[in-house]
Amino acid sequence: MDSFIIVALALCSLMAPVYGDKGTSKARSCSDIRQFYSGKGFSLDGVPQSEISGEHLRICPQGYTCCTSDMEDNLATLSRREMEGLLKEAGRSLQTLLNGQFKAFDGYFLELLNRSSISLQETFTPTWGPVYTQNSQVFSDLYRDLRHYYRGSSINLEEVLNEFWARLLEKLFYQANKQYYIGGDYLDCVSKQIDTLRPFGDIPRVTKMTVTHTFVAARYFVQGLVISGEVVRKVSQVQLSQECMRAMMKMTYCPHCRGMATARPCANYCSNVMKGCLANQADLNTEWKHLFKTLLFFYPFVNFPPSHVSSLSISALYFLPFFSPKVFQACGTLKNGGTSSPGVTESMKRGKITVEDKLGSSSSKMDKLVSDVTVRLKDMQSYWVSLPMLLCSDRVATGTGAEEKCWNGMNRARYLPEVMGDGLASQINNPEVEIDITKPDITIRQQIMQLKIMTHRLKNALNGQDVDFQDSSDDISGSGSGMCADGVCSSSPRLFGPATNRPSYPLPPENKEVKALANQNLPCITIYLLSLLILLLRR
C-alpha cells in the first residue's frame with residue numbers, strides 16, 4: 001500500500017498544472033500581485049501569500065491563481081472605471097480640438113465684423129461728416145442684428161435687411177430734402193416706394209442674397225462644431241456594460257492573477273475586446289462622417305468672389321437725386337420749412353472713398369485659418385471607428401515574436417479568432433464580448449439622431465436656407481457645453497436658439513455623399529461683408 005501511495009504522489013506531481021510564466025511544481029509566491037493590488041488602493045486582507053486553486057474564479061481562467069473572488073470583483077470594477085476614464089479623456093481631447101477650431105473661426109469672424117464696423121465709421125466720418133454721424137445708428141443696428149443672428153438669435157435676416165434699406169432710404173431722403181418739412185407719415189410713404197421705384201437699383205437684392213448666404217453658413221458652421229462637441233461629451237459619459245467589464249478584466253488583470261504580470265494582450269485580442277465594448281459608439285461613424293463632410297463642403301457654396309463686390313460700382317447714394325422727384329409724384333409735394341444745411345448732394349461732391357486695399361492681410365490670415373480648420377476636420381472624420389485601435393495602441397504586445405507570446409485571454413500564446421468588424425451588428429460572433437445586437441444603447445441612438453438633424457440643417461444652410469426644424473430637444477438648443485473641456489466654458493453668448501420660421505426645402509438625396517475637394521476652404525466671409533457694406537455707401 002505504501003508503495004502505491006508513493007507512485008500516485010509522483011504521478012500527481014508530474015501532472016500538476018504549469019504555474020506563472022515559467023512553471024514550477026511548487027506553488028508560486030503572490031508577492032508581486034500583493035504589491036500590485038495594494039498599489040491600486042485595495043486592502044491586502046484575504047489576499048493569498050501563495051497561489052491557490054482557482055475554481056472560484058468567474059472571469060479569469062480557473063487554473064492556479066493569486067486572486068480570490070473579491071479580488072477578481074474589485075479588479076473587474078477597476079478595469080471598467082479605468083476604461084471609462086480613458087474614453088472620457090479621449091473625448092476631452094477631441095472636444096479640445098473641436099473647441100479650438102470653433103474659437104479660431106468664431107473669434108476671427110467676430111473680429112473682422114467689429115473691424116468692419118470701426119472701418120466704416122473711420123472711413124465715412126471725415127468724408128460725409130454730419131450726414132454719416134446723424135444716420136450711423138442705421139448701420140449700428142444692422143451690425144448688431146447680424147451679430148445676434150450669427151450667435152443664434154431668432155432673427156429673420158431677410159426682414160433685417162429689408163428694414164435696413166427702408167430706414168436708410170428714409171434717412172437719406174430726409175437728408176437730401178432738408179429744405180422741406182417732412183413728417184413721419186410722409187417718410188412711411190417714402191419707404192414703401194423702395195420696391196416699386198427701386199431707389200438703390202439692384203444693390204438690395206444682391207446684398208440680401210450674399211449676406212444671407214454668408215451669415216447662414218457661418219451661423220450653422222459654428223453650430224455644427226458645437227453640436228459635434230456636445231455629441232462627443234454625451235457619448236463619452238455612456239457607461240460600459242457588464243459584459244465589457246468582464247472582457248476588460250480578463251484582458252487587463254487576469255494575467256496578474258495567473259502570475260504573468262509582464263504579459264501584454266495580443267493585438268487582435270485587444271481589437272475584439274475594444275470593438276465589442278465600443279460597438280454602439282462605432283455606429284456613430286456614418287452620421288459623424290456625413291456631418292464633417294458637409295462642414296468641409298461649405299467653402300464653395302458661400303465663397304463670394306471679390307469681383308462681384310467690385311461690380312457694385314453704382315452706389316446707393318447715386319440714385320437719390322433721381323429718386324426724389326418720383327417720390328413727390330407718389331407721396332405728394334412737400335412744403336418748405338426745413339433747414340438750409342448741406343444735404344446729401346453737397347456731401348457727395350467732397351470726394352470718393354477707397355476701401356479695397358484695407359483687407360489684404362485679413363484675407364491671407366483667414367486663408368491660413370481656413371486651411372487649418374479643413375485639415376483638422378478631415379482628421380476627425382474617422383474618430384469613432386479609430387477609437388478601438390487608439391485605445392489598444394499603448395497596451396498590446398509588440399516586437400519580434402509578440403504574436404506567439406502575447407496574452408490571448410487564457411495563456412501566453414497566439415490569438416486565433418478573426419477580428420470583428422465595426423459597429424453593433426458586426427459583433428454577433430464576437431468571441432470576447434457577449435452583446436445583444438437587438439438592444440442598441442439609447443443615449444447613443446439619440447446622438448446619432450442629433451447628428452442627422454445637424455447635417456440636415458447644414459445642407460439647407462449651404463443654399464442660404466435657415467430652416468426651422470421641429471425638434472425641441474435640448475441637444476440642439478443648448479449653450480454649447482459640448483465645446484467645454486473639463487467642464488470649463490467661456491462666458492460667450494449662447495450660440496443658437498430657435499430658427500426663424502421659414503418654409504421647408506427638399507434635401508439632396510441622402511444616399512449621395514457630399515464631396516469636398518482637398519483644396520477647398522471655408523469662405524473669407526467677413527472680408528466680403530466689410531467690403532460690401534462700405535462699397536454700398538461709396539460715392
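Throughout, read-outs are computed from the coordinates displayed, never taken from laboratory work. In this text the structure is predicted, and so the values were computed from the model without any measurement. Note that we place each Cβ from the backbone using ideal geometry, even for glycine, and neighbour counts take in every protein chain shown.
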- So which of LYS439/LYS459; LYS40/LYS250; LYS103/LYS293 end up more than 22 Å apart, counting from Cα to Cα? LYS439/LYS459
- Query: Across bins of 10 angstrom width beginning at 0, how are the C-alpha pair distances of the stretch 165-256 distributed, in whole percent?
  - Reply: 12, 21, 15, 13, 11, 9, 7, 8, 4, 1
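Students often check this: by mean Cβ neighbours within 10 Å, which of 220-229, 90-99 ranks highest, and how do the rest follow? Before the final figure, lay out each step's value.
Details: 220-229: 25.8, 90-99: 19.6.
The most tightly packed comes first, giving 220-229, 90-99.
What order do you get for 390-399, 234-243 when each peptide is scored by the mean count of other beta carbon atoms within 10 Å, highest first?
Packing order, densest peptide first, comes out as 234-243, 390-399.
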- Item | Neighbourhood net charge (14 Å Cβ-Cβ; Lys/Arg +1, Asp/Glu -1) for ARG167 | -3
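Classify the stretch 74-193 as rounded, prolate or oblate, taking a ≥ b ≥ c as the square roots of the eigenvalues of its Cα gyration tensor: rounded when a/c is under 1.5, otherwise prolate if a/b is larger than b/c and oblate if not.
Details: a/c = 7.19, a/b = 3.11, b/c = 2.32.
Note, shape of the stretch 74-193 comes out prolate.
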- Any chance you could check the Cα centroid distance between the stretch 242-287 and the stretch 47-108 for me, in angstrom? 9 Å
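Is the shape of the stretch 40-82 best called rounded, prolate or oblate, per the rule: a/c under 1.5 gives rounded, else a/b larger than b/c gives prolate, else oblate, with a ≥ b ≥ c the square roots of the Cα gyration tensor eigenvalues? Walk me through the numbers on the way to the answer.
Values: a/c = 2.60, a/b = 1.30, b/c = 2.01.
In terms of gyration-tensor shape, oblate.
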- Item | Whole-angstrom gap from the stretch 168-192 to the stretch 124-153, using each part's C-alpha centre | 19 Å
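Need one word for the stretch 105-170: rounded, prolate or oblate. Basis is the Cα gyration tensor (sqrt eigenvalues a ≥ b ≥ c); a/c below 1.5 gives rounded, then a/b vs b/c decides. Walk me through the numbers on the way to the answer.
Details: a/c = 3.47, a/b = 1.26, b/c = 2.75.
Oblate.
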